[in-house]
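Structure record follows, encoded as structure tokens.
The values are calculated or read from the model by the stated rules, or taken from the named source; none is laboratory data. Every value quoted in this text rests on a predicted model; they were computed, and no experiment measured them. Note that we place each Cβ from the backbone using ideal geometry, even for glycine, and neighbour counts take in every protein chain shown.
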Amino acid sequence: MTERSASRTQDRLLRLIGVVVALFLSALILLALGTSPLEAVALLFSGALGTPGDLAAVLTAWVPVLLCSAGLLLTYSAGLWNIGIEGQIVMGAIFATGMLRLVQDLLPPHLALVLGALSGIVGGMLWATLAGLLRLYGNVSEIFGGLGLNFVAGSLVVYLVTGPWSRPGTGTTSGTVPFPSSLWLPAFPGFAVSPIEIALALVALVLVGIALRGTYFGLRLKAIGKNLRSAYLLGVPVNRYLLAAFALCGALAGLAGWILVVGASARHNLFPLISSGYGFLAILVVLLANLNAIWVLPISFFFAAISMGSLELVYEKQLDSAVGSAIQGLLVLSVLLTQGLQRHFLEKRAGRERARPSAEEEIGS
Amino acid sequence: MDLTIFLASVLAAAPPVLFAVLGETITERAGVINLSLDGTILFSAMAGFAVALHTGSVIPGILAAMGVGALVAGIVALASLTLRLPQVATGFVLTLLTRDLAYVLGNPYVRVPGPQVPHTPIPILSEWPAVGKIFFDQDPLVYLSLAAIVLVWVFMFKTRPGLMLRGLGEQPTAAYVRGADVVRMRYLYTLLGGALVGLGGAAFSLLVAPGWARQKFEGIGWIALAIVIFGNWHPIRAALGAYFFVALQTVATNLQSAMPEVPTQVFPTLPFPLMILTLLLVTVSSAEWMNRLLGRLPPGLRRTLTRTIQMLQTVPPAGLGKVPKRE
């Protein structure tokens, strides 16, 4: 076994330790709330994978997370913290809904759906580009710009849902009038997730993976992420690349927003909090995958399973609905910290080893 | 509305934001970004309320909230200073995690009535017309918040340890050469800043908006982080920013009842576009195109504009977010 593969095994082992620590902490929290951890695990499992319907629900959540993770791989490679992704999803949903409302009675459903998707992509792109422009030409950190835009997008939905797009006769926040089933993405009976959704998400991830691994664009993006100044000095048109990263990420988030409106088991309308935290979840996925597109696949599936499985736990044990995301947060934090710890001790050891021969040299000379 | 009542109500509503802003100002002056504010405030607000409810007294609640704030800040410090992980990454994960933990662990306390910090007018002084009503007819946490502004300012700019604190964020390497234990001092100030943020959380759940509920104070931590930037990492300018924000909030609340045709959910979001515009105002002057634009203007106008922009401009401590290589 080479030294490199040994350290890689060690790396995986440490990640596993991080996961174990997180599960232990989650168990403690559940105990504090008076829930047996073993029972909780059983509920999580049956909630996520108990029936084909449950699996379809997990896949339904997996799709938007996967799309957003693919987009975030681009911004994260360029060293950007696209925290505005939640708002970009929401904008995608708003634009998609707007377009569908406009054309649903004029055009055949397939064409309407495609136009809706394109419109959603434009919406997400616009919102991401706005965060990008604020960052590049206003020096407003994309963290604050994006976060502020998230809240703006959220209140825009509330305004639309209670105002111009409200259901006739009511002014509630329950959402717009649901679209007819001709505007739902098709699915096989009994398994309410559309193959189209899954295909789109997988294609997006593959394309991003290829772009980052094997193209000039990806290489330059990563160069910017490693050292923006040197990339600039080496003649990379930094601003154009950063804006492109924002726009592409926003486009994928916007597509996710469209799916959240028309997906096979979506609510088929626009409603407040439609993004359901999938964008933030994708940030955690990308952090954990550490820029590796292949790792995004299992991690995002695992997280989607926790999100959906925890719903049963919440329902059975009368817990707060944040249980799932609390477990996800604990997982990511523990893994990050154990990785940091490992590096810390490796560096210390390397420091000692480096110190020794140099001392011998001194004696020798 | 009567100006005296308005100012008094702004002062009364300000402690949460004010403590958070002062705490984060200290932390960032030491060179560490604690991005987790939005979650930390929620978590400490929840913990403070729960402890106060169980003990029947607000003081253990306040202390618990400060402890929670310091604990989260401690994780930020450990991750960034010892393990050298990116501060934004851990900060953001902690933002989400502490928020979720607050909701999960706080579930049994939702909308449960509990103790709150009592109203304590200061005898004699509060009889003073106008000024007495504004400053001395308040709660202990309000007095404490006013004192904290002065204390932080005096410490930071009038004492030797304060000078060292500024050095930590401005030139950590120089501070190290001068014999300061940079890492330990940064730990100390991150913990202290976190405790103040926790105090801000307690000021929410035990004073300004007593009790605990989901999504009650969400978003305020991000505003506090933005106010630190607006405040140019100076306690007094930051405090003025916090008061300005709370004043706008108070106005918005009044407008809301005056304009029932606007959906109620719109007003709470207004601070966020405002936050973006404010940040734009204080940072845009360093943009290249701004300089080019100013260069094209007639000299008189250019001078006035440049001066205004420079006055508004804020510059972060040079070593903010940077952890020098270990020697």
Here is a list of conditions, (1) more than 14 Å from chain A (Cβ to nearest Cβ); (2) out of contact with any Gly (no Cβ under 6 Å at 6 or more places or on another chain), and B:Leu125 meets all of them except one; can you say which number that is? (2)
Among B:Leu279, B:Leu274, the single one that is within 12 Å of another protein chain (Cβ to nearest Cβ), surrounded by 18 or more Cβ atoms within 10 Å (Cβ to Cβ) and at pLDDT 80 or above is B:Leu279
Result of the Cβ filter at 8 Å on the range B:72-94, keeping first residues that are facing chain A (nearest Cβ under 7 Å) and under 16 Å from B:Gly319 (Cβ atoms) and partners that are in a helix (DSSP H, G or I) and hydrophobic (A, V, I, L, M, F, W, C), at least 6 apart or interchain, is B:Val88/A:Ile143
Tell me, yes or no, whether the range B:190-212 has at least one residue that is within 14 Å of another protein chain (Cβ to nearest Cβ), touching a residue at least 40 places away in the same chain (Cβ under 8 Å) and either surrounded by fewer than 20 Cβ atoms within 10 Å (Cβ to Cβ) or outside any helix (DSSP H, G or I) (or both). yes
Could you please find all residues in the range A:112-137 being within 16 Å of A:Gly84 (Cα to Cα) and without any contact (Cβ under 8 Å) to a residue 60 or more places away in the chain? A:Leu130, A:Leu134
Condition broken by A:Ala199, with the remaining ones in (1) small (Gly, Ala, Ser); (2) without any contact (Cβ under 8 Å) to a residue 40 or more places away in the chain; (3) more than 10 Å from every other protein chain (Cβ to nearest Cβ); (4) closer than 30 Å to B:Glu218 by Cβ satisfied: (4)
So which residues in the range B:4-33 are buried (at least 23 other Cβ atoms within 10 Å of the Cβ) and of a type in the set (Ser, Thr, Tyr)? B:Thr25, B:Thr27
Residue among A:Phe246, A:Phe280, A:Phe345, A:Phe301 that is of a type in the set (A, V, I, L, M, F, W, C), within 12 Å of chain B (Cβ to nearest Cβ), touching a residue at least 24 places away in the same chain (Cβ under 8 Å) and part of a helix (DSSP H, G or I): A:Phe280
Over the range B:288-327, the set of residues part of a helix (DSSP H, G or I) and either among the aromatic types (Phe, Trp, Tyr) or within 25 Å of B:Met185 (Cα to Cα) (or both) is B:Trp289
As an exercise: evaluate B:Ala175 against (1) under 21 Å from B:Gly39 (Cα atoms); (2) without any contact (Cβ under 8 Å) to a residue 12 or more places away in the chain; (3) buried (at least 24 other Cβ atoms within 10 Å of the Cβ); (4) of a type in the set (A, V, I, L, M) and give the number of the one condition it does not meet. (1)
